[in-house]
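**Student:** Provided herewith is a single structure, encoded as structure tokens, for subsequent inquiry.
The values are calculated or read from the model by the stated rules, or taken from the named source; none is laboratory data. Please read these numbers as outputs of a predicted model, since none were measured by experiment. Positions of Cβ are generated from backbone atoms using ideal geometry, with glycine treated the same way; all protein chains shown enter the neighbour counts. Surface areas here come from the heavy atoms of the whole protein model, side chains and all, with no ligands, DNA or RNA. Shrake-Rupley method; radii C 1.70, N 1.55, O 1.52, S 1.80 Å.
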Amino acid sequence: MMKEDNFGTKEAVSLATLAIITKVFYTSPFVIVNSLGTAAWYGTLVSCIVSLLVFLLLYQLMKRFPGDDLQAVFMKVLGKVLGRIVTVLFSVYLLYYAGMNLREFLEIIKAYILPYTPPSYIMITFLSVVALFAFLGLEVLARFSYLGLWIVLITMGLLLTFGSTYYNANYIKPYLGYGIDKTIIYGVLRSAAYQEFILLAFIMGSLQGLKNFKRAGIGSILLSGGVISISLLLYLMMFQYTVGSENLSGLFQISRSIYLSRFFQRVEAIFLFIWVISSVVTVAIAFYISISIYCKALNIGDHRPLILPFSFLTFLVAFFPKNLTETVEFHMLFIRQYSSFVVYGIPVLVLVLSLILGRKRVESRNEKV
Amino acid sequence: MVMILKKSKNGFWTLLSLITYKKKDKPEEFYIPEVNEGESRQVSQEKNNDKSTPSTNEKQNTQKDNKGLKKPIPVSELKKEKTESGVKKDENCISCSIDENIDFINRMFNAPVNKDIVVREFNIAGHYKAFITYLSGMADKITISNFILKPLLAKKSVEDAEEDCKLDYILKNVIETHQAKKITSPNEVIYEILNGNTCIYADGCNFYISAETVGFDKRGVDKPQTEGIVSGSQEGFNETLRTNITLVRKIIRNNNLVTEFLTVGERNKNLCSILYIKGLANPAVVQEVKRRINGIKTDFMLGDGMMEQFIEDNTFSIVPTILSTERPDRTASHIMEGRVAILVDGAPFAKIVPVTSHSLFHTPEETYLRWQYGTFIRLIRFLAVALAALLPGLYIGLVGYHREMIPTDLMIAIVKAKENVPFPTLLEILLMEVSFELIREAGIRIPGIIGNTIGIIGALILGQAAVQANIVSPVLIIIIAVTGLGSFAIPNYNLAFGVRIVRFLFILAAAALGYYGITLAFIAIAALILSMKSFGVPFVSHLGPQVRQSHDAILRWPVWKQEYRPDPVNPLDVRRQPKISRKWTAKDPKTGIDRERNNDDEGR
Amino acid sequence: MKRYKVFCLLLILLCWMLAGCSPDLVEIDEEVYALVLGADISANNKIKITLQYPSYKGSGGGGSGSKSSGGGGGGSREEIGVYEGNIITTVEASSILEGINLLNTAVSRQISLTHCKLLVFSEELAKQGVEDYLAPMMRYRDMRRIMHVIVCKGKAESFIKENINTIGESESKAIELMATQSLNNGLFPRMTFIDFYRNMLSPYEQPLTAYAGINDFSKLSSGDEETASPLKIPEGYLPSEVPRKGAARRELAGTAIFNGPKMIGVLDSFETRCMLIIKNQFKRGIVTIEDRKAPGKVIPLDVRLGRKPVIKGYFENGVPIIDVRVNIEADLGAIQSRVNYERLSLVEALNGQIKEFFEAGLRQTIDKTQRLNCDVFGFGEYIAGNFSTIQELEAYNWKKHYKDAKVNVTVEANVRRTGLMFGSKPLKSSQ
């Protein structure tokens, strides 16, 4: 098998957190505000809690097979054939996820920064950095994400602080948004927005034990829940729910609106780099794990030869949507809202199956012996 | 393509091999095991070493190297190997006849042609045939005549001796130099002579005596040229290995400071030494350093700069992974942190391994300063690196893509100034960058005192004239000047080189895609640097998993807070000082006089 | 060697890609940066816009003005829109964006709106509704949402022609500093486009802008009058009515208030101050009140808000009630009558007087807006707390019910400091 280096809880938390909070930079805020109105900021906490529950279920599953990756668990519970199919399914989904995130990034960059640059030009340069990460391996990615998370969080803090001249706490009234029932239903549905914690289960081998896995999972979900909630709250306090549901990228609009003095205004360009960093890390980790579990499922020894073909595939996937509308209204809606049936459903099903079949790591050990 | 296909059947395979992938065998990467874990590994490595006797060791290494590098062996080298091994076979031991030995020395040093070798024949105490040999110029003639020749020629010197071979007696009783030893291998004899020692041979013996007579002209201990500081020691290394080691030993007065000597360079047999503290430096690192240095098979080793290129981990990396310093105090402080210093004869620099990225930003200055000042100058340095690498790129991105960010008044001023400049900003900045690099390079080459003057005047006049001639806009001069200042403020000379090159990368990235391009370039460079290792230690280690927080990485904490040695180096003793290192803070100053004696043994 | 071949191939590819750089790379001097965008009612087409941008003549930074380097005579220069280093162009088109394209038939450089700092609507246009102009400003990436918005009396075009910097050289600095004068006097609001637009969509409050006009200096008395005019307090002015002379002709005073996209009324400069007090945007300003102990004499006060106004909104029997409690702090600027108001016995009376003065002013302002049914204060924000969901809030429609609201105003006033004097002795003369 390929060599996957180890890293600590901090790196794992930042890897998952960065992947989760990336969506707050893009179309996600306006979609949520559009649906939940003034309740958006705690609606996302509902999603956060649901995801936390799913994570605990996943943890129960992983606990039954200590030290195994999720794909190894699939193989052990579902059998070799079905396990492989499910793993490849996940691989394909992650590739799609990477491609769509790339596309969303492209749309925002083209809308705000580089309107006339050819899309392929932006995407190829982006993908070459992603491929570099895949080539250098998970450890470098994890360590970079640790650095990146600090940069992103600090810069985000600055960004939101600079925007404070506009904040008005009254804009989050009425407190219940479009109704508490709607908030909860949508929150549960939207729990797929926190799905990236599932990636941790695929890199169990690098996490040095279940305890770290649990800490990393819970830590990243809570941290990103907090970050997303705070940024949505401040976004609402700046734009109300009315204009808030019009902006293509909520946070970017805040950065465009910063006006501190005559010389410190229109500074969105210096905030651009957190958009790029978070997107690169998100796409890179989805991309890497997609290749990695594909290799593991098909017993391919080295993942590096697959980087070029997979980059090409990601490039193709990113060109699926015809336009921005299709990206947002179909693909992103699927990934952020309905993909939970796939991403959360399968591990939960596997857990149920393993409970019914009574399969555990211990058994398999006995078999081997 | 058709051509290639036509050429041969091989063409097809060449073409195919371009798009297929072949897995390469990768030798196991070196890493530093944890202190407990290390033992098993060490044992296995030692086994390897045992298998290969010193003579075969080199051969094995060459085979490995050849495999790794896939370098074709030129015919000349093959020949050389043959002849050398031929010599070895014949002369593995020293002949007992004096004529053969003289012949041997003459042959090895091409004596009639080569005028440097001196072979002086004489009779010891008027009875026994003997000769001494040395390289003129390398050896000190006064020492030879006073302490070797004089005693040997004295009539009664060996009268009491009863052995067959008088040399043993001579070694013990007659030679008056400080160091003298027996040498039994002909290769060693040659080596000793090359080092400036004098070899003595007497008829009938199968060994030589080498007496220390090294004496050649050398530079005295001077101020460091590139690492000057305001407060602190002003000593720098010079070109003599022995002096350099002494300079370090002068600071670390510890019996466990070990100096190991290795020779590198097939032809010039340069001496190189490894300094570390036994019981502090991780043995795996020492082992690895020795393995790498022994593994160098090269013709000529000029100094530490070449050595660095032979033993570094990442040849293609833009930043150095080995720290180079010409300061004995800095070397000493690194050795005390559990690192290994490599000194090569003939270069006034020490190489220190393993290092982490932040070491490149440190100077001894802040060690001598109070921590507030130390932290401040370090932050300035980080700013300097950021400016030197990014500023021109940021400027290009700013005026090319993100013009909205420039304050309007300033922007209109820039535009007005640029109104008559025909060139695009990219060209302007490249023009200025190139001329600045030119001035810099010329400033070093111009002899003597003019150098500095030319640099300043050149920059000023060139900048002013370029603006007046409408070739560049005036803002650009500021940008370039600040960038230049930034790159001069980088304490590490090698890192400064890297930053200068990276700057051009950022300029191109900014021209291509604005800040998006800069960010991508930044991410790529960061990823590459994060993936680098220096002798098994992740180069950017304070971002990695860490057990103990370092208090001397980016910021410098008060010196009593720096309780631990750097974690990534994995020293055998991690604690530098106890939790309370300032014992006096816990005591009552009034009664301190009485207690002082009792606490003496606790004091550290 | 294979690797090098591939590498070279990639390098060539890269060079080919980089050859033209990105189409987004524009040299800084290939654009002109419009500073002011004015909108008027158009006779020929849908819209009529006026742009003001700096000319690049003359040296950057210091040096003489660009006028001297202009070449031809002043009169003919003004015909082509060159005014003191600025160029002003007007175009009629179907949309703003196309209008800018159309201007490039004559302007030799790409017109960029990234540095546009001021948006001027003419009053007629604002009264008809500005919705058509909002669309591109929110959507188009060049447009800045942080530009200031004003409505001007008369035509925007003529306002921009008078928008000349009389002090320094930099037009952009003049525009920004003009807008920030609001912080020093509170005579007109400082409204950025983002707030203007948001309030238009908002269920909580109505939009407003600063109100501007051109002063022809005719209001100023000629100086021939025999007797002094009686005291006029409070001083409320509308633009082009300020009795002054000199400096630029354009002036900002008072507020234009909107109902949705349509302008429905104005507040004069005093009412604007009252409004800003309630909105907590009044930083400081000199307010003059009459001295009760010596009628005809005045006491100028340096007024600021003591703390954020406390506003409560609730329903009583279906009637929305708004309680506003304002805390005003003042420093004495002068006491013409030389009455010792600093004394403990008198300072309370002065406080009471200030309180009454401001209560009356706030009352007057609120009544005026209620007559117009236009909640520019943002009382809706406090009413919104009484609704639990957005549906209920929107069904109620606060903007419609504002006129029915009962607004209670209480002011607490405090003279905190007395300037550099503590008491004044009477002036002595022979009489």
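**Student:** Please list 3J(HN,Hα) in residue order for the range C:202-208, calculated via the Karplus relation 6.51 cos²θ - 1.76 cosθ + 1.60 where θ = phi - 60°; whole Hz, with x for glycine and proline.
**Tutor:** The phi angles translate into 5, x, 9, 8, 9, x, 8 Hz.
**Student:** Suppose each label sits 7 Å from its Cα in the direction of the beta carbon; what would the C:Ile12-A:Asn6 distance come out to in nanometres?
**Tutor:** Taking the two extended label points, one gets 4.8 nm.
**Student:** Another question about this same structure. Kindly give Rg over Rh for the protein assembly as shown, based on alpha-carbon atoms, with the Kirkwood expression for the hydrodynamic radius. Working shown, then result.
**Tutor:** On the way: Rg = 41.1 Å, Rh = 38.5 Å.
Radius of gyration relative to Kirkwood radius: 1.07.
**Student:** Can you tell which of C:Ala384, C:Leu344, C:Gly318 lies farthest toward the positive end of the dipole of the range C:284-420, using +1 and -1 charges on the Cβ of basic and acidic side chains (Lys, Arg; Asp, Glu)?
**Tutor:** The Cα lying farthest towards the positive end belongs to C:Leu344.
**Student:** At a Förster radius of 60 Å, what calculated FRET efficiency corresponds to the Cβ-Cβ distance of B:Tyr31 and B:Ala481, to the nearest 0.05? Mind showing how you got there, number by number?
**Tutor:** Numbers: r = 44 Å, r/R0 = 0.73.
It comes out at approximately 0.85.
**Student:** Over 27 Å apart: what share of the alpha carbon pairs of the range C:284-420 falls there, rounded to a whole percent? Walk me through the numbers on the way to the answer.
**Tutor:** Working: 3216 of 9316 pairs.
Beyond 27 Å sits 35 percent of the P(r) for the range C:284-420.
**Student:** Mind checking the dipole of chain A: about its Cα centre, +1 per Lys or Arg Cβ, -1 per Asp or Glu Cβ, Debye to the nearest 20?
**Tutor:** Numbers: 29 positive and 17 negative charges, 142 e Å.
Charge dipole, chain A, about its Cα centre: 680 debye, nearest 20.
**Student:** Can you tell me which of A:Ser47, A:Ser164, A:Ser249 moves the most in a GNM of chain A? Springs connect C-alpha atoms under 10 Å apart.
**Tutor:** Of A:Ser47, A:Ser164, A:Ser249, the Gaussian network model singles out A:Ser164 as fluctuating most.
**Student:** Another question, if that's okay. Give me the summed buried accessible area for the C-B pair, 1.4 Å probe, to the nearest 100 Å².
**Tutor:** Rounded to the nearest hundred, the buried surface is 2400 Å².
**Student:** A follow-up question, please. In the range A:75-120, which residues give up 50 Å² or more of accessible area once the other protein chains are added, compared with their chain alone (1.4 Å probe)?
**Tutor:** Buried by the other chains: A:Leu114, A:Tyr116.
**Student:** Stretched out fully, how many nm does the piece from C:Ala43 to C:Ala334 gain, at 0.36 nm a residue minus the Cα gap?
**Tutor:** Numbers: separation 291, 0.36 × 291 = 104.76 nm, distance 5.30 nm.
Length gained, C:Ala43 through C:Ala334: 99.5 nm.
**Student:** State, in square angstrom and to the nearest 100, the accessible area buried between chains A and B, both chains counted, probe radius 1.4 Å. Kindly include the intermediate steps, with their values, before the conclusion.
**Tutor:** Details: alone 15460 and 34680 Å², together 47170 Å².
Approximately 3000 Å² gets buried when A meets B.
**Student:** Heavy-atom accessible area of B:Asp567 with all protein chains present, probe 1.4 Å, nearest 10 Å²?
**Tutor:** Its accessible surface works out to 20 Å², give or take rounding.
**Student:** I need the phi-derived Karplus couplings for the range B:283-297: 6.51 cos²θ - 1.76 cosθ + 1.60, θ = phi - 60°, integer Hz, Gly and Pro marked x.
**Tutor:** The phi angles translate into x, 5, 5, 4, 4, 5, 4, 5, 4, 5, 5, 5, x, 7, 10 Hz.
**Student:** If you don't mind, there's one more thing I want to ask. Name the long-range amide H neighbours of C:Thr418: under 5 Å, sequence gap of 5 or more, or other chain; modelled H, no Pro or chain starts.
**Tutor:** Those qualifying (amide H under 5 Å, at least 5 residues apart or on another chain) are C:Leu332.
**Student:** Of A:Lys110/B:Lys418; C:Lys232/C:Lys297; A:Lys23/A:Lys110; C:Lys262/C:Lys399, which pairs sit farther than 20 Å apart, going by alpha carbon to alpha carbon? Write down the numbers at each step before the final one.
**Tutor:** Values: A:Lys110/B:Lys418 29 Å; C:Lys232/C:Lys297 11 Å; A:Lys23/A:Lys110 17 Å; C:Lys262/C:Lys399 14 Å.
Exceeds cut-off: A:Lys110/B:Lys418.
**Student:** Expressed as a whole percentage, what fraction of the accessible surface of the range B:241-355 belongs to carbon and sulfur atoms when a 1.4 Å probe is rolled over the protein heavy atoms?
**Tutor:** Details: 2110 of 4110 Å².
That fraction is 51 percent.
**Student:** Using only helices, what value at 222 nm comes out for chain A when you add -39,500 (n - 2.57) per DSSP H run of length 4 or more and divide by the total residues, to the nearest 500 deg cm²/dmol?
**Tutor:** Working: 16 runs with 257 residues, N = 369.
Rounded to the nearest 500, it is -23000 deg cm²/dmol.
**Student:** As I understand it, the dipole of the protein assembly as shown uses +1 on the Cβ of Lys and Arg and -1 on the Cβ of Asp and Glu, about the Cα centre. Which of C:Pro234, A:Pro119, A:Val343 lies farthest toward its positive end?
**Tutor:** The residue sitting most towards the positive pole is A:Val343.
**Student:** Which entries of B:Lys561/B:Lys583; C:Lys48/C:Lys161; C:Lys245/C:Lys279; C:Lys173/C:Lys219; B:Lys351/B:Lys561 show an alpha-carbon separation above 22 angstrom in the structure shown?
**Tutor:** Details: B:Lys561/B:Lys583 13 Å; C:Lys48/C:Lys161 15 Å; C:Lys245/C:Lys279 32 Å; C:Lys173/C:Lys219 28 Å; B:Lys351/B:Lys561 28 Å.
With Cα atoms farther than 22 Å apart: C:Lys245/C:Lys279; C:Lys173/C:Lys219; B:Lys351/B:Lys561.
**Student:** Now for a separate question. Go ahead and run the numbers for FRET between C:Ile286 and B:Thr20, Cβ-Cβ distance against an R0 of 56 Å, rounding to 0.05.
**Tutor:** Details: r = 83 Å, r/R0 = 1.49.
Computed FRET efficiency for C:Ile286 and B:Thr20 comes out at 0.10.
**Student:** Continuing with the same structure: What does the structure give for B:14-22 when I average, per residue, the other chain Cβ atoms found within 10 Å of the residue Cβ? Present the calculation step by step, with values, prior to reporting the outcome.
**Tutor:** On the way: counts 3, 0, 0, 1, 5, 2, 1, 6, 2.
For peptide B:14-22, the averaged partner shielding equals 2.
**Student:** Accessible area of chain C with a 1.4 Å probe: how many percent of it is carbon plus sulfur?
**Tutor:** Values: 10690 of 20110 Å².
Result for chain C: 53 percent of the exposed heavy-atom area is carbon or sulfur.
**Student:** Next up: Let's see if you can work this out: charge +1 on each Lys and Arg Cβ, -1 on each Asp and Glu Cβ, no other charges. What is the dipole magnitude of the range A:245-337 about its Cα centre, in debye to the nearest 20? Mind showing how you got there, number by number?
**Tutor:** Numbers: 7 positive and 5 negative charges, 41 e Å.
In debye, rounded to 20, the range A:245-337 gives about 200.
**Student:** Which translational diffusion coefficient, to the nearest whole µm²/s, is obtained for the range B:98-211 from the Stokes-Einstein equation, given a Kirkwood hydrodynamic radius over C-alpha pairs, 25 °C and 0.890 mPa s? Each step should come with its number before you reach the end.
**Tutor:** Details: Rh = 13.9 Å.
In µm²/s, the coefficient rounds to 176.
**Student:** Quick one: how many Å² of B:His362 are accessible to a 1.4 Å probe, rounded to 10?
**Tutor:** Roughly 30 Å² of B:His362 is accessible to a 1.4 Å probe.
**Student:** Also, I was wondering about something else. Roughly how many debye, to the nearest 20, is the charge dipole of the protein assembly as shown about its Cα centre, given +1 on each Lys and Arg Cβ, -1 on each Asp and Glu Cβ, and no other charges? Could you put the intermediate results ahead of the total?
**Tutor:** Values: 158 positive and 135 negative charges, 426 e Å.
Using only the charged Cβ atoms, the result is roughly 2040 debye.
**Student:** In whole Hz and in residue order, list the ³J(HN,Hα) couplings for the range C:181-191 that follow from phi through the Karplus curve 6.51 cos²θ - 1.76 cosθ + 1.60, θ = phi - 60°; x for Gly and Pro.
**Tutor:** 4, 3, 6, 8, 10, x, 7, 8, x, 9, 10
**Student:** May I ask what percent, to the nearest 5, of DSSP beta bridges between residues of the protein assembly as shown are antiparallel? Let's see the in-between values first.
**Tutor:** On the way: 91 of 118 bridges.
Antiparallel: roughly 75 percent of the beta bridges in the protein assembly as shown.
**Student:** Would you work out which of B:Ile380, B:Leu323, B:Ile296 lies farthest towards the positive end of the dipole of the range B:291-426, given +1 charges on the beta-carbon of Lys and Arg and -1 on that of Asp and Glu, about the Cα centre?
**Tutor:** About the Cα centre, the residue reaching furthest to the positive side is B:Ile380.
**Student:** For the range C:189-295, treating each Cα as an identical point scatterer without solvent, what Debye log10 I(q)/I(0) comes out at q = 0.15, 0.21 1/Å?
**Tutor:** Cα-only, vacuum Debye calculation for the range C:189-295: -0.77, -1.19.
**Student:** If you roll a 1.4 Å probe over the heavy atoms of the protein chains, what accessible area per residue do you get for the range B:98-211, in Å²? Before the final figure, lay out each step's value.
**Tutor:** Values: 5750 Å² over 114 residues.
Result: 50 Å² per residue.
**Student:** Which one of C:Pro230, C:Pro261, C:Pro207 has the biggest mean-square fluctuation once chain C is modelled by GNM with Cα springs under 10 Å?
**Tutor:** C:Pro230
**Student:** For n ≥ 4 DSSP H runs only, could you compute -39500 (n - 2.57) per run for chain C, divide by its residues and tell me the 222 nm figure to the nearest 500?
**Tutor:** Numbers: 13 runs with 131 residues, N = 431.
Roughly -9000 deg cm²/dmol at 222 nm, from the helical runs in chain C.
**Student:** Counting only other chains, and only Cβ atoms inside 10 Å, what mean value do you get across the residues of A:261-274?
**Tutor:** Values: counts 3, 11, 7, 2, 8, 12, 3, 4, 11, 6, 1, 8, 7, 1.
That works out to 6 on average.
**Student:** Quick query: amide H of C:Gly254 versus all other amide H atoms, modeled in the peptide plane; which residues come in under 5 Å with a sequence gap of 5 or more or a different chain?
**Tutor:** C:Phe188, C:Tyr211, C:Ser269
**Student:** Let me ask something else about it. Taking all protein chains together and a probe of 1.4 Å, list A:Tyr96, C:Tyr314 from the most accessible to the least accessible. Could the numbers behind the result be given before it?
**Tutor:** Numbers: A:Tyr96 40, C:Tyr314 75 Å².
Result of the area sort, largest leading: C:Tyr314, A:Tyr96.
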